[in-house]
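Everything below concerns the one structure shown next.
Just so it is clear, none of the values below were taken in a lab; they were calculated from the coordinates. Being a predicted model, the structure only gives us computed values, none of them experimental.
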Amino acid sequence: MKNISKSDITAVILSGGQATRMGGQDKGLILFKNKPLISYVANIINKSVNSILVSANKNLDLYQKFGTVIRDDLSGFQGPLAGVSKAMHVANTPYLLVLPCDGPFVNSLLVERLVQSMQQHEVNICVASNGDKIHPTYSLINIALKDNLDKFLQSGGRKFGLWLKNNNALKVDFSDQPDIFINLNSPQDFADAD
């Protein structure tokens with residue numbers, strides 16, 4: 001069994017989307033219960049990882065307080081895999097923890113369970129599942145896959161779930177933790193969660 005410690009993990013918080021359902025507002029910076037949405041994720045993972053990267057395409061100065069800001073190498077909004085790719089090239093650890101900026105109910109158990117699963121199985125990706133479907137933006141990835149991901153992106157691939165499937169990602173069951181997957185994507189989501 002391999003041993004993965006905090007010093008082996010870089011986290012990337014994906015904050016580079018267009019936020020079309022939020023009228024173009026930068027989702028990670030929208031206040032939820034008087035704190036920026038991204039702060040909930042950053043505060044939870046801070047104790048579990050070596051360092052935090054924030055994948056963003058605007059408001060880079062405001063995101064600096066939550067981690068080292070990185071920008072996609074691909075032009076336009078190419079989806080979350082573009083941010084993951086950039087993070088894999090910047091990280092100096094063997095593993096990358098991927099999380100979205102709009103999931104304020106993430107808890108430390110998420111990180112613990114993904115790490116335990118990676119330690120116990122001969123896999124390069126562990127992805128959270130609610131029992132029915134996977135949630136690609138909640139995953140732990142071996143950095144050794146960075147060239148594999150680059151090839152996928154260069155071939156026009158953009159679907160995170162397809163890339164995970166192509167690389168035999170291990171589904172990690174979080175059906176006992178359904179709240180961690182609640183994403184705040186629209187004004188109604190914010191109102192319902194408050």
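Ignoring lysines fewer than eight residues from Lys58 along the same chain, the ones with Cα atoms less than 30 angstrom from its Cα are Lys6, Lys27, Lys33, Lys35, Lys47, Lys86, Lys146, Lys151, Lys159. Coupling constants for segment 106-117 follow from the phi torsions by the Karplus curve (6.51 cos²θ - 1.76 cosθ + 1.60, θ = phi - 60°), and in residue order they are 4, 10, 5, 4, 4, 5, 4, 5, 5, 5, 4, 5 Hz; glycine and proline get x. The lysines whose alpha-carbon is closer than 16 Å to the alpha-carbon of Lys171, local same-chain residues fewer than 8 away aside, are Lys133. Each Cα pair under 8 Å and six or more residues apart adds its separation to the average, and for segment 6-193 the resulting relative contact order is 24 percent.
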